[in-house]
C-alpha cells in the first residue's frame, strides 16, 4: 500500500503576504579584487539590497567600516559590523529599524592548529524579540567548519526562540558541516537547485539561509519564497561580486502546523513561488499529484530530485499536493 505526503497549499495574492512575513538575505560582497575596489561597488550592493526589500541581511567580506557605513546609509538599514582580526576586514549584519534594536554578540573562531585556512572566521548573533539571526562566513577548512557549526548549534539549543543563520558557508548542502546542521534540526531554506558561486557561471550552492526551531513556544516558520533577487535596472550581479545574493522569505506565526518544510529525515520539501509548486527531494524519485478542493486531479507529474509544477491557468487558490513517501500530513499557508 502506497503512503503519501499530503500538503494543503494556499496561494494568496501578494497583499496578504505582508502579515507575519520576513525576508532574510545573505550576500558576499567580495573583497577588493585588483583595481576592482569594493568602495566602487558599494552603491550597487546597496541598490541590490534595497530592491530585494530584505528585512535582515548577512554580509561577508566587508572591507572596512567606511564601506559598511556607506552600505548602511545607502540601503537605509541599521547595522553592526565586526572587524574580525582588527585589520579592517570582516562581516556585517543589516536590519530594518522596524524590527527594533537587537542584542548583538560577536564570536570569533580561530583556525585549528595545522588548518589549511589561516584566516580567523566569525559569526554575529542578533537577538530580536521573536527570533535570533546569525550572520556568518565559514572557513575553507572542514575541521574549522565543524567547530563553527558545533558552536552555532549549541547557541540555538539554548536560545529559547527560533533561530535563522545566513552566510557564506564555503560548503555545499552535502558537505559534513551542513549535514551536521540538518542532523540537529536545522533546515536549509534555499531552493537547492539554485547555485550561487561563482556568479559568472554558478556551479556551487554555498550561500544559504538556515532555519531552526526547538521549543513549542518558538515561532513556527514556513517558506513563502526563495531565490536569487532580481537586481535593479543597470546593475549586473556578476560585475559586483563573485557570489550571487540569496533571499528567503518566511512566514512567522504562533499557529501550529503551518510549515512548508517537512521533517528533515523525510528529505522532501514543498514550497511555492508565485503560482509554481516547487518540490525539493535530493536523489528521490517523485510521483506528484495536485488536486483542487473539489477533489479533481489538476496536475499529475513525475520527476527526480527537484521538480516544479506550474499552476498558471488553473483556477483556485487552495490545492492539495500528494508526493510519494512515508505518510505525513502538514498544512501549509502562504
Scanning the stretch 128-147 for residues that are within 16 Å of residue 212 (Cα to Cα) and modelled with pLDDT of 95 or more, which turns out farthest from the chain's Cα centre (by Cα)?
128
Those residues that are over 18 Å from residue 227 (Cα atoms) and in a strand (DSSP E or B), I need them from the stretch 159-202; list them, please.
162, 163, 186
Do you know which of the residues in the stretch 76-115 that are in a loop (DSSP other than H, G, I, E, B) and touching a helix residue (DSSP H, G or I) at 6+ places or on another chain (Cβ under 9 Å) is surrounded by the most Cβ atoms within 10 Å (Cβ to Cβ)?
77
For residues that are crowded, with 22+ Cβ neighbours inside 10 Å and under 18 Å from residue 29 (Cβ atoms), tally how many sit in the stretch 179-205.
1
Hey, residue 264 hits all of (1) at pLDDT 85 or above; (2) touching a helix residue (DSSP H, G or I) at 6+ places or on another chain (Cβ under 6 Å) but one; which does it fall short on?
(1)
Look through 47, 30, 60 and report the one residue that is assigned by TED's automatic domain parsing to the domain that holds residue 210, out of contact with any helix residue (DSSP H, G or I) (no Cβ under 9 Å at 6 or more places or on another chain) and surrounded by 16 or more Cβ atoms within 10 Å (Cβ to Cβ).
60
Only one of 252, 286 is closer than 27 Å to residue 131 by Cα and modelled with pLDDT of 80 or more, namely 252
Meets criteria (at pLDDT 95 or above and either under 24 Å from residue 287 (Cβ atoms) or touching a strand residue (DSSP E or B) at 6+ places or on another chain (Cβ under 9 Å) (or both)) for residue 222:
no
Residue check: is residue 228 in the same structural domain as residue 126 (by TED's automatic domain parsing), more than 18 Å from residue 23 (Cβ to Cβ) and at pLDDT 95 or above?
no
Take the conditions surrounded by fewer than 20 Cβ atoms within 10 Å (Cβ to Cβ) and either part of a strand (DSSP E or B) or free of Cβ contacts under 8 Å to residues at least 40 places away in the same chain (or both) and apply them to residue 211. Does it pass?
no
Going through the stretch 28-45 in order, the residues found to be within 26 Å of the chain's Cα centre (by Cα) and part of a strand (DSSP E or B) are 28
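The values are calculated or read from the model by the stated rules, or taken from the named source; none is laboratory data. Everything numeric here is computed off the predicted structure, so don't read it as measured data. Here the Cβ is made from the backbone with ideal geometry for all residues, glycine too, and neighbour counts use every protein chain on show.
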